[in-house]
Amino acid sequence: MSEGLKNIVLYEHLDKTGYSDGLQIQQRAHENIKLSRNGISGYLFLLEHFPVITNGRFGSDDNYVLPVTKIEELGVEVHNTDRGGDLTYHGPGQLVSYPIVNLRDFNLGAKAYINLLEQVLINLLAEYGIESDRRDGYPGVWTSGQKIASIGVSVKNGITMHGSALNVSTDLDSFSLIVPCGISDVVVTSMEKVLGSQVPMESVVERFIKHFSIVFNADLNKENGPN
């Protein structure tokens, strides 16, 4: 791209979404970018999922605390995915981001992309007075030694799928169904727990969009997702 021009990313804040529906949305966006439709470099979908546990490419079934059938009886779906990482939980009160972007347009490799996605979250949390950082070898964001956000991505044909999950006001007890991220001593926290007060999801969404635009040096336009 020419110097001074920014990549265009279309974003959409969705209602609460089932995991399978969210995956289909990502797949359609991925196909649109692969076929160079609309002349854009990516999509950014922000949403909350209904309760679901996802297992990444490197996940171990040993990290389920209960049998999968028992977990599903509790109303929590279970899905195997092609993202990196191990087991994680998604549910209401958690801001999930699915950036579907062409890494070639951004001159990024997978590792640099994950680093920037972590930076978006670190910058967002700083606005709320929450200091956070990375942990070598474990993609995600940590505050005071506790995990507040998870990251798991996949890259196909140079285009990303999956993304991040930030605990805003998540029911942290739900993480007791698994060994989060395969780390036996991990303690999971949320913005609400750290701050001791409620955090409006809409304000977190707005700040995520702002910092994604800044960190990735992209123009974010509000549009409906791909058909």
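The values are calculated or read from the model by the stated rules, or taken from the named source; none is laboratory data. Fair warning: this is a prediction, and the values are worked out from it, not measured in the lab. Don't worry about glycine lacking a Cβ; one is built from the backbone with ideal geometry, like all the others, and counts go over all protein chains shown.
Some values worked out for this structure:
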read-out	value
Selection count, segment 1-16, where residues are modelled with pLDDT of 90 or more and more than 20 Å from the chain's Cα centre (by Cα)	1
Scope segment 59-75; condition at pLDDT below 90 and within 24 Å of the chain's Cα centre (by Cα); matching residues	Gly59, Ser60, Asp61, Asp62, Asn63, Tyr64, Val65, Val68
Any hit, segment 83-96, residues being at pLDDT below 90, within 18 Å of Thr17 (Cα to Cα) and within 18 Å of the chain's Cα centre (by Cα)	yes
Qualifying residues in segment 179-212 (those that are touching a residue at least 12 places away in the same chain (Cβ under 8 Å) and among the polar types (S, T, N, Q)) - the one farthest from Ala165 (Cα to Cα)	Gln198
Some residue of segment 158-171 being acidic (Asp, Glu) and farther than 22 Å from Ile53 by Cβ	no
Any hit, segment 134-149, residues being of a type in the set (A, V, I, L, M), surrounded by 18 or more Cβ atoms within 10 Å (Cβ to Cβ) and either part of a loop (DSSP other than H, G, I, E, B) or touching a residue at least 60 places away in the same chain (Cβ under 8 Å) (or both)	no
Residues (among the small types (Gly, Ala, Ser), on the phi < 0 side of the Ramachandran plot and crowded, with 22+ Cβ neighbours inside 10 Å) located in segment 57-104	Gly59, Ser97
Residues within segment 144-200 that are under 19 Å from the mean Cα position of the chain (by Cα) and basic (Lys, Arg), tallied	2
Residue in segment 150-172 that is out of contact with any Pro (no Cβ under 6 Å at 6 or more places or on another chain) and free of Cβ contacts under 8 Å to residues at least 12 places away in the same chain present	no
Scope segment 159-181; condition on the phi < 0 side of the Ramachandran plot, of a type outside the set (S, T, N, Q) and part of a helix (DSSP H, G or I); matching residues	Leu172, Asp173, Phe175, Leu177, Pro180
Residue ID - surrounded by the most Cβ atoms within 10 Å (Cβ to Cβ), chosen from residues in segment 181-198 that are touching a helix residue (DSSP H, G or I) at 6+ places or on another chain (Cβ under 8 Å) and closer than 30 Å to Leu108 by Cβ	Met191
Wholly enclosed helices (runs of 4 or more DSSP H) of segment 19-122 bearing at least 1 residues of a type in the set (Ser, Thr, Tyr) and closer than 25 Å to Asn157 by Cβ	19-34
